[in-house]
Amino acid sequence: MTLRAAWTIDREGAQAARADISLIKFFGAKVLLDVLDRAIQVHGGLGVSDDTPLAFMWRQARSARIYDGPD
């Protein structure tokens, strides 16, 4: 998705890639949270502690979904 958006920006400009950029913001944030959630599940209780970077990463990713706007 990102490569397609970049290609469109190079060929036709940012205005033509608006839909692709919106899809990346929506889908990318969801995939990121899904991957982090699975990693936290694998680590069990350690995944939600501050002993690994997973809890910090999840907090940052969740914030990204909020400030990027509604799904």
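Here VAL42 and SER22 are evaluated by their C-beta separation; at R0 = 30 Å the FRET efficiency comes out at 0.45.
To the nearest 20 debye, what charge dipole does the chain have about its Cα centre, counting +1 at the Cβ of each Lys and Arg and -1 at the Cβ of each Asp and Glu? Dipole magnitude for the chain comes out near 140 debye. The modelled label-to-label distance between ARG62 and ARG4, using points 7 Å beyond Cα along the C-beta direction, is 3.1 nm.
Electrostatic bookkeeping for ALA55 treats Lys and Arg as +1 and Asp and Glu as -1; over the other residues with beta carbon under 13 Å from its beta carbon, the sum is -1. The C-alpha atoms of the chain define a longest principal axis, and helix 2-12 lies at about 20 degrees to it. Ligands, DNA and RNA left out, the accessible area of the chain computed with a 1.4 Å probe is 60% carbon and sulfur. Heavy-atom accessible surface of the chain, averaged per residue, reaches 76 Å², computed with a 1.4 Å probe. Size of the chain from its Cα atoms: along the principal axes, largest to smallest, the extents are 48, 21, 15 Å.
The values are calculated or read from the model by the stated rules, or taken from the named source; none is laboratory data. Being a predicted model, the structure only gives us computed values, none of them experimental. Counting neighbours? That spans all protein chains shown, and the Cβs are built from the backbone with ideal geometry, glycine included. Accessible surface areas use protein heavy atoms only, side chains included; no ligands, DNA or RNA. Shrake-Rupley method; radii C 1.70, N 1.55, O 1.52, S 1.80 Å.
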